[in-house]
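The values are calculated or read from the model by the stated rules, or taken from the named source; none is laboratory data. Because the structure is a prediction, the values reported are computed rather than measured. Cβ placement follows ideal geometry from the backbone for every residue including glycine, while neighbour counts extend to all protein chains displayed. Surface areas here come from the heavy atoms of the whole protein model, side chains and all, with no ligands, DNA or RNA. Shrake-Rupley method; radii C 1.70, N 1.55, O 1.52, S 1.80 Å.
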Amino acid sequence: DDDYLRSFTGSREKVVLLNRQVDGYAAVVGDGVLGGQLIGEYALKVGHYDKHVIIAGKSISQVVKRRFEGISASFIEAGRKTPETFIFKSDRKDHFEAQCQRLLDKHGDGKTLFFTSQDTSAVSLMSWLMKNGFDVPERYGVTGYDDDPIASLFTPGVSTINSSVFRMAQTAVKLATT
């Protein structure tokens with residue numbers, strides 16, 4: 001990633017980053033904190049779940065960190081205990097099922113809402129839960145982020161935040177071409 005960016009140093013090509021900030025480069029970045037607060041406030045308003053868990057990968061981008069900061073802030077503002085965090089220790093797809101089982105072993109008691117960093121992760125987790133006979137959304141809920149079209153194709157639906165990635169991309173292209 002960084003080596004690729006360094007290849008543009010001194011180049012005549014304009015580089016505008018999308019949802020990533022690196023010193024020396026223009027960037028278009030969404031307000032992840034606000035998005036996280038909105039999904040956290042929504043979860044608290046619905047009030048169906050008595051346990052809340054943030055799911056993260058072993059390496060967390062600054063964008064995802066801001067989203068999770070917003071979720072935690074919404075719980076703090078409501079005077080509630082901040083969600084626990086569960087780290088998926090491997091990004092390998094062949095380890096996914098074992099990690100989901102580990103997640104439920106550790107955090108699966110009670111009615112639990114899992115916050116994921118993106119809709120594709122939410123759909124993957126929901127699919128696994130349903131395939132293994134767990135009651136979604138009555139016992140387990142899953143939220144996503146980015147309003148990916150895949151979230152609308154799934155039943156039950158994924159609660160998600162529209163981060164306007166398309167509009168952000170349009171803005172980045174305009175910055176790069178002007």
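Given 158, 100, 83, which one lies farthest toward the positive end of the charge dipole of the chain, if we put +1 on the Cβ of every Lys and Arg and -1 on the Cβ of every Asp and Glu?
83
Hey, can you grab everything whose amide H is under 5 Å from the amide H of residue 86? Only 5+ residues off in sequence or another chain; H modelled, so Pro and N-termini drop out.
Counting only residues 5 or more places away or on other chains, the set is 54, 55, 56.
Heavy-atom accessible area per residue, the stretch 1-145, 1.4 Å probe: how many Å²?
On the way: 8070 Å² over 145 residues.
Dividing the accessible area of the stretch 1-145 by its residue count gives 56 Å².
For labels at residue 169 and residue 106 in the simple 7 Å Cα→Cβ model, what's the distance in nm?
3.3 nm
Set the Förster radius R0 to 45 Å, insert the Cβ-Cβ distance between residue 94 and residue 8 as r into 1/(1 + (r/R0)^6), and round the FRET efficiency to 0.05.
On the way: r = 35 Å, r/R0 = 0.78.
That pair, residue 94 with residue 8, gives E of 0.80.
Hey, got the Cα dimensions of the stretch 51-114 along the principal axes, in Å, largest first?
38, 31, 11
Would you mind telling me the share, in percent, of accessible area of the chain contributed by carbon and sulfur at probe 1.4 angstrom? Intermediate values should be presented prior to the final figure.
On the way: 5350 of 10290 Å².
About 52 percent, which is the carbon plus sulfur part of the accessible surface.
So what is the relative contact order for the chain, in percent, with contacts set as C-alpha pairs under 8 Å and at least six apart?
Numbers: 270 pairs, mean separation 41.8, N = 178.
Here the relative contact order equals 23 percent.
Only four residue types carry charge here, +1 at the Cβ of Lys and Arg and -1 at the Cβ of Asp and Glu. Report the dipole size of the chain about the Cα centre in Debye, rounded to the nearest 20. Show your work: numbers first, answer last.
On the way: 22 positive and 22 negative charges, 33 e Å.
The calculation lands at about 160 debye.
Amide H neighbours of residue 19 under 5 Å, counting only residues 5+ apart in sequence or on other chains, H built in-plane at 1.01 Å?
The list, which skips near neighbours in sequence, is 28, 29, 30.
Could you work out how far the C-alpha centroid of the stretch 153-178 sits from that of the stretch 85-121, in angstrom?
Here the two parts' Cα centres lie 25 Å apart.
If you line up the Cα atoms of the chain on their principal axes, what length do they span on each, largest first, in Å?
Taking the Cα atoms of the chain, the three principal extents are 56, 38, 29 Å.
May I ask which residue of 49, 144, 63 lies farthest towards the positive end of the charge dipole of the chain, with charges of +1 (Lys, Arg) and -1 (Asp, Glu) on Cβ and the Cα centre as origin?
So the residue furthest toward the plus end is 63.
With 10 Å bins from zero, work out the P(r) of the stretch 1-105 over every alpha carbon pair and list the percent per bin.
13, 32, 30, 18, 7, 1
How large is the translational diffusion coefficient of the stretch 75-178 in µm² per second when you combine the Kirkwood radius over alpha carbon pairs with Stokes-Einstein at 20 °C and 1.002 mPa s? Provide the component values of the computation, followed by the final result.
Details: Rh = 15.4 Å.
So the translational diffusion coefficient is about 139 µm²/s.
Using +1 at the Cβ of each Lys and Arg and -1 at the Cβ of each Asp and Glu in the stretch 1-44, identify which of 38, 21, 11 lies farthest towards the dipole's positive end.
11
Which far-off residues, 5 or more places away or on another chain, put their amide H under 5 Å from the one on residue 141, with H placed in the peptide plane?
HN-HN under 5 Å from residue 141: 112, 113, 114.
Find the lysine pairs in the chain meeting two conditions, Cα atoms under 23 Å apart and a separation of 8 or more places or different chains, and report how many there are.
Taking the Cα cut-off of 23 Å, the pair count is 25.
Compute the convex hull volume of the Cα atoms of the stretch 120-178, divide it by the residue count, and report the result per residue in Å³ as a whole number. Please report the intermediate quantities before stating the final value.
On the way: hull volume 3.9 nm³, N = 59.
Enclosed volume per residue, from the Cα hull, is 66 Å³.
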